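The values are calculated or read from the model by the stated rules, or taken from the named source; none is laboratory data. This one's a predicted model, so the numbers in the text were calculated from it and none came from an experiment. Here the Cβ positions follow ideal geometry from the backbone for every residue, glycine too, while neighbour counts run over all protein chains shown. Ligands, DNA and RNA are excluded from the accessible area calculation, which covers all protein heavy atoms including side chains. Shrake-Rupley method; radii C 1.70, N 1.55, O 1.52, S 1.80 Å.
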Amino acid sequence: MESQIHKSVHWTWFAGEPVNGKQYGKAGDSVNNYCISTNKMNDKGCLVCHIGWNGKQDEINCLACHGQNNVKWKETFDDLAYFRKAGDSESIEMADELQGELQKAVVSIARPARKNCGTCHFYGGGGDGVKHGDLDSSLIKPNKDLDVHMGMDGKDFACTRCHTTTLHNISGRVYTAPAYTHRKSLLEDDQTPRITCESCHSSRPHKSGSKANDHTDQVACQSCHIPEFARVNPTKMRWDWSKAGKKKDGKAYTTEDEFGQHNYMSIKGEMKWAKNVKPAYHWYDGSLHSLTTKDIIDPSKTVYVSKPSSSRGEPNSRIYPFKIHESIQPYDKVYKTLLAPLLTGDDGFFNKMDFQLAFTKGMKFSEIPYSGEYDFVKTEYFVPTTHMVAPKQNVVNCHECHIGNGSRLSNLAGFYMPGRDNFHLLDKAGRLIILLSFAGVVLHGAGRLFFSGMKKER
């Protein structure tokens, strides 16, 4: 089993083999616009969730994913060792109590539950709901109004119901390659990984004759069935690193917004949170174009750190919902590359609040040259939205897309959408046909009245 884990992305943090000298994945050259980089796993602040950090090959704690008791393993074992070493009667009593908790936890094992997966995935980006607007702690015990699949008063699905696993490789999205290679349903192949909606619902999931079935070759199910994300807890929508480092009375400080979330932290900068957010929509085949510390950017434009790489007309491409996270993040003014500051540790920005030191250390760990000159650039990061599936009575209404002003799909061009777009020649022809039809009905009715009157006179 250990050999399986050591080959999985949860251990290596690599997204496949290097491409053009760039290694995608958190352990490689990839960046985001949240905490930006792991500095090739030299930032130890990521160890809370990320197993296998920095290539270590030590023991694997199976109970982190399979244990059903809420135990902080490292802290508990450290406390146990401390109390055993102390040796006094009170410490021994504390140690025995901890030993009992551990014994209960060891025998409480099962397939990973939502809480097991959510301990890390609900807190991606450094906090509850920070990164994924459709993944947060509200999904540990949701009702079906929040998610029809995971609702405890409904199907009560665990994450593994869709994220099927082979040899501890869990199906799901990676940086560059799609999470799926086909859209087969279980009716076609009962061994197919259950990672697309079609896997269980087929490509014609609605009642026979329903117009919605005609959309599935162009529109992802999520686009209609996830009208909003962050419906319980807020999600972070913007992060401005350029404003980090401010102090009050010589000390770091924080402020909070109406949600009780930090909207300013001296160590992180200015942030904006939101709830009940409508997604943005783009063509998507499951793959994203992601930047690395080695990619040259154009700082005069918005830099897309992560963006869908497909377009309309491609085989698996569908209109798909996204959370778009905006950021103002640092870049090298000379080399025109995004910078990856070291954030934690003695020389990290969170400790010293010194950008020059953080950039120098971070880029050295990342094995990328740093000129010593930096500035900040606007960036965007696309996060696919696929959880928090609403009940059918709350899906997106047809008119929300098929409307002239304020259409959800107003940013998508290159095709005609009834109700949203005006094709003047076609509109004129349609109006003419309606007028002629109406005139025909009137003339027909008048003719019948006239001739019926003539018959009576005879």
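Of note:
- Of the residues in the stretch 147-163, not one is modelled with pLDDT of 95 or more, buried (at least 17 other Cβ atoms within 10 Å of the Cβ), of a type in the set (S, T, N, Q) and part of a helix (DSSP H, G or I).
- Residue in the stretch 73-80 that is among the charged types (D, E, K, R), within 24 Å of the chain's Cα centre (by Cα) and at pLDDT 85 or above present: no
- Selected residue (criterion: modelled with the lowest pLDDT) from residues of the stretch 43-60 that are buried (at least 18 other Cβ atoms within 10 Å of the Cβ) and touching a Leu at 6+ places or on another chain (Cβ under 8 Å): Trp53
- Residue check for Phe438: in a helix (DSSP H, G or I), free of Cβ contacts under 8 Å to residues at least 60 places away in the same chain and under 28 Å from His289 (Cβ atoms): no
- Scoring Cys224 on the criteria (1) touching a strand residue (DSSP E or B) at 6+ places or on another chain (Cβ under 8 Å); (2) outside any loop (DSSP other than H, G, I, E, B) leaves a single failure, condition (1).
- Selection status of Ile109, over 18 Å from the mean Cα position of the chain (by Cα) and surrounded by fewer than 17 Cβ atoms within 10 Å (Cβ to Cβ): yes
- Considering the stretch 372-386, the residues that are open to solvent by 40 Å² or more (accessible area, probe 1.4 Å) and in a loop (DSSP other than H, G, I, E, B) include one that is nearest to Asp43 (Cα to Cα), namely Glu373.
- Screening the stretch 122-146 for residues that are open to solvent by 40 Å² or more (accessible area, probe 1.4 Å) and without any contact (Cβ under 8 Å) to a residue 60 or more places away in the chain and picking the one that is nearest to Lys323 (Cα to Cα) gives Ile140.
- Against the numbered list (1) of a type outside the set (A, V, I, L, M); (2) touching a residue at least 24 places away in the same chain (Cβ under 8 Å); (3) open to solvent by 60 Å² or more (accessible area, probe 1.4 Å); (4) in contact with a Phe, Trp or Tyr (Cβ under 9 Å, 6 or more places away or on another chain), Thr119 comes up short only at (4).
- Val130 meets each of the listed conditions (1) modelled with pLDDT of 95 or more; (2) hydrophobic (A, V, I, L, M, F, W, C); (3) in contact with a helix residue (DSSP H, G or I) (Cβ under 7 Å, 6 or more places away or on another chain) apart from (3).
- In the set Ser310, Ser366, only one residue is out of contact with any helix residue (DSSP H, G or I) (no Cβ under 9 Å at 6 or more places or on another chain), crowded, with 22+ Cβ neighbours inside 10 Å and either more than 27 Å from Trp273 (Cβ to Cβ) or modelled with pLDDT under 95 (or both); that residue is Ser366.
- The set of residues in the stretch 372-416 being of a type in the set (Lys, Arg) and either within 20 Å of the chain's Cα centre (by Cα) or at pLDDT 95 or above (or both) consists of Lys378, Arg408.
- Failed condition for Lys268, given (1) surrounded by fewer than 20 Cβ atoms within 10 Å (Cβ to Cβ); (2) out of contact with any Ser or Thr (no Cβ under 8 Å at 6 or more places or on another chain): (1)
- Test: Asn276 is open to solvent by 20 Å² or more (accessible area, probe 1.4 Å) and free of Cβ contacts under 8 Å to residues at least 24 places away in the same chain: no
- Every pair of residues 6+ apart whose Cβ atoms lie under 7 Å, when the first sits in the stretch 410-424 and is under 14 Å from Gln218 (Cα atoms) while the second is among the hydroxyl-bearing types (Ser, Thr, Tyr) and open to solvent by less than 80 Å² (accessible area, probe 1.4 Å): Leu412/Tyr281
- Residue in the stretch 61-71 that is within 30 Å of Pro321 (Cα to Cα), open to solvent by 40 Å² or more (accessible area, probe 1.4 Å) and part of a loop (DSSP other than H, G, I, E, B) present: no
- Residues in the stretch 272-295 that are aliphatic (A, V, I, L, M) and either in contact with a helix residue (DSSP H, G or I) (Cβ under 6 Å, 6 or more places away or on another chain) or in a loop (DSSP other than H, G, I, E, B) (or both): Leu291 alone.
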